[in-house]
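Engineer: Once you've had a glance at the structure underneath, I'll fire off some questions.
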Amino acid sequence: MISLRSFLLTLILLIISFTGWGREIELKGAFTLLIELSKADVKAEAWDQDKLDVEGKGLEYRVLRENGKIAIRAPKEKTEEHPELKVRMPRGMGLELSLESGRVIVSGVEGEIKIALEKGDILLDGTSGSYDVAVNAGNIAAKLFLDGEAKFTSVHGDISLSILSPDPMPMEVESGRGDLLIELPQGYHASLEMFSGRGEMKCDFDLTDRSVGDGRIEGKIGDGGPYLKVSAYEGNVWIKKVTLPHHGGKEG
């Protein structure tokens, strides 16, 4: 005999499962948004409302609540040639995204951001939080604020990061075959480790306690601080010093 609780849970899942173009989903409390798709161009942007707005084009998908998360999933066999998913989400909501192929754009989200992409490009614009972002074949470009540990990885592709916050956080950036460009604001503090197996390395900052050898450059940027590990096994590395505009700081 099915319990009343199980029946109600099933009913809730059926109510919020849908296909086609969009629906707003009310949220209560803090949730993480989980997106698991095979192939799609995904755009996630923050807005100042306590609900999700989901739109899908050429994509059959379901939206479920599970383990404190809102999950969006689509069966592989239902995907058309150029599917798209657009989500507007509460600004402070965490994001976990797993995608086999497509383009990912995330803007304005403030929270824990995890992205795993097999093939395609990733763009982060004005995001804030901690990061675990990885792509196998594709590029990563980001203008972001740091508010926790950050890791960016591309096996075959370039990574370009512009750090918009002066407060340093632990960060690791790694590419197998591709160039790395990291823009840091003047006055930044970090303990730098740079490596290039087959490429050139350049750092605009004066390093103290500098050591060089075996494809590596290490030293302190400013007074030192959290680690900044930047590695390109077949590519160039450039740590570029920039001046933030007056409006570049994130408001509290």
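Engineer: Does Gly94 fit the bill of being farther than 13 Å from Ser38 by Cα and surrounded by 17 or more Cβ atoms within 10 Å (Cβ to Cβ)? If you could, list the steps in order and put the result at the bottom.
Structural biologist: Numbers: farther than 13 Å from Ser38 by Cα: yes; surrounded by 17 or more Cβ atoms within 10 Å (Cβ to Cβ): yes.
For Gly94, the condition - farther than 13 Å from Ser38 by Cα and surrounded by 17 or more Cβ atoms within 10 Å (Cβ to Cβ) - is met.
Engineer: Same structure again: Among the listed residues Leu207, Leu144, which satisfies the condition of being touching a residue at least 12 places away in the same chain (Cβ under 8 Å), crowded, with 17+ Cβ neighbours inside 10 Å, closer than 18 Å to Ser107 by Cβ and not β-branched (Val, Ile, Thr)? So that I can check it myself, show each step before the final result.
Structural biologist: Working: Leu207 fails: closer than 18 Å to Ser107 by Cβ.
It is Leu144.
Engineer: Filter segment 40-70 down to residues that are within 17 Å of the chain's Cα centre (by Cα) and small (Gly, Ala, Ser) and give me whichever is surrounded by the most Cβ atoms within 10 Å (Cβ to Cβ).
Structural biologist: Among them, the one singled out is Ala40.
Engineer: With the requirement that a residue be part of a loop (DSSP other than H, G, I, E, B), farther than 23 Å from Ala137 by Cα and of a type outside the set (A, V, I, L, M, F, W, C), what does segment 88-109 give you?
Structural biologist: Looking only at segment 88-109, we keep the residues that are part of a loop (DSSP other than H, G, I, E, B), and these are 91-93, 102-103, 108-109.
Subsequent filtering for residues that are farther than 23 Å from Ala137 by Cα retains 91-93, 108-109.
If the condition is that a residue be part of a loop (DSSP other than H, G, I, E, B), farther than 23 Å from Ala137 by Cα and of a type outside the set (A, V, I, L, M, F, W, C), then Arg91, Gly92, Gly108 are the ones that fit.
Engineer: Here's another thing I want to ask about it. Starting from residues that are among the polar types (S, T, N, Q) and either at pLDDT below 95 or under 22 Å from the mean Cα position of the chain (by Cα) (or both), keep the ones in segment 167-195 and report whichever is farthest from Val155 (Cα to Cα). Step through it out loud before you land on a result.
Structural biologist: Narrowing segment 167-195 to residues among the polar types (S, T, N, Q): 175, 186, 191.
Retained after the next criterion (residues that are either at pLDDT below 95 or under 22 Å from the mean Cα position of the chain (by Cα) (or both)): 175, 186.
Working: Ser175: 5, Gln186: 30 Å.
Among those that are among the polar types (S, T, N, Q) and either at pLDDT below 95 or under 22 Å from the mean Cα position of the chain (by Cα) (or both), it is Gln186.
Engineer: Just name the residue that is surrounded by the fewest Cβ atoms within 10 Å (Cβ to Cβ) out of those in segment 127-141 that are free of Cβ contacts under 8 Å to residues at least 60 places away in the same chain and within 24 Å of Leu244 (Cβ to Cβ).
Structural biologist: Applying the first criterion (free of Cβ contacts under 8 Å to residues at least 60 places away in the same chain) to segment 127-141 yields 127, 129-141.
Narrowing the set further to residues that are within 24 Å of Leu244 (Cβ to Cβ) leaves 127, 129-131, 133, 139-141.
Values: Thr127: 25, Gly129: 18, Ser130: 17, Tyr131: 26, Val133: 26, Asn139: 18, Ile140: 27, Ala141: 15.
Checked segment 127-141; the qualifying residue surrounded by the fewest Cβ atoms within 10 Å (Cβ to Cβ) is Ala141.
Engineer: To continue, here is another question. Search segment 156-185 for residues being free of Cβ contacts under 8 Å to residues at least 24 places away in the same chain and closer than 16 Å to Lys229 by Cα, and hand back the single one that is surrounded by the most Cβ atoms within 10 Å (Cβ to Cβ).
Structural biologist: Ile159
Engineer: Additional query: Name the residues in segment 126-169 that are outside any strand (DSSP E or B) and closer than 20 Å to Asp41 by Cα, would you? So that I can check it myself, show each step before the final result.
Structural biologist: Pass one, segment 126-169, residues outside any strand (DSSP E or B): 138-139, 157-158, 164-169.
Result: Gly138, Asn139, Gly157, Asp158.
Listed here are the residues, each with its yes/no results for (1) modelled with pLDDT under 95; (2) out of contact with any Lys or Arg (no Cβ under 8 Å at 6 or more places or on another chain); (3) part of a strand (DSSP E or B); (4) aliphatic (A, V, I, L, M).
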{"position": "Ala46", "(1), (2), (3), (4)": "no, no, yes, yes"}
{"position": "Glu55", "(1), (2), (3), (4)": "yes, no, yes, no"}
{"position": "Glu77", "(1), (2), (3), (4)": "yes, yes, no, no"}
{"position": "Lys86", "(1), (2), (3), (4)": "no, no, yes, no"}
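Engineer: Give the residues of segment 197-252 that are out of contact with any strand residue (DSSP E or B) (no Cβ under 8 Å at 6 or more places or on another chain), in a loop (DSSP other than H, G, I, E, B) and at pLDDT below 90, sorted by residue number.
Structural biologist: Asp214, Pro245, Gly249, Glu251, Gly252
The values are calculated or read from the model by the stated rules, or taken from the named source; none is laboratory data. None of these values were measured; they are calculated from a predicted model. So basically every Cβ, Gly included, is an ideal-geometry build from the backbone, and we count neighbours across all protein chains shown.
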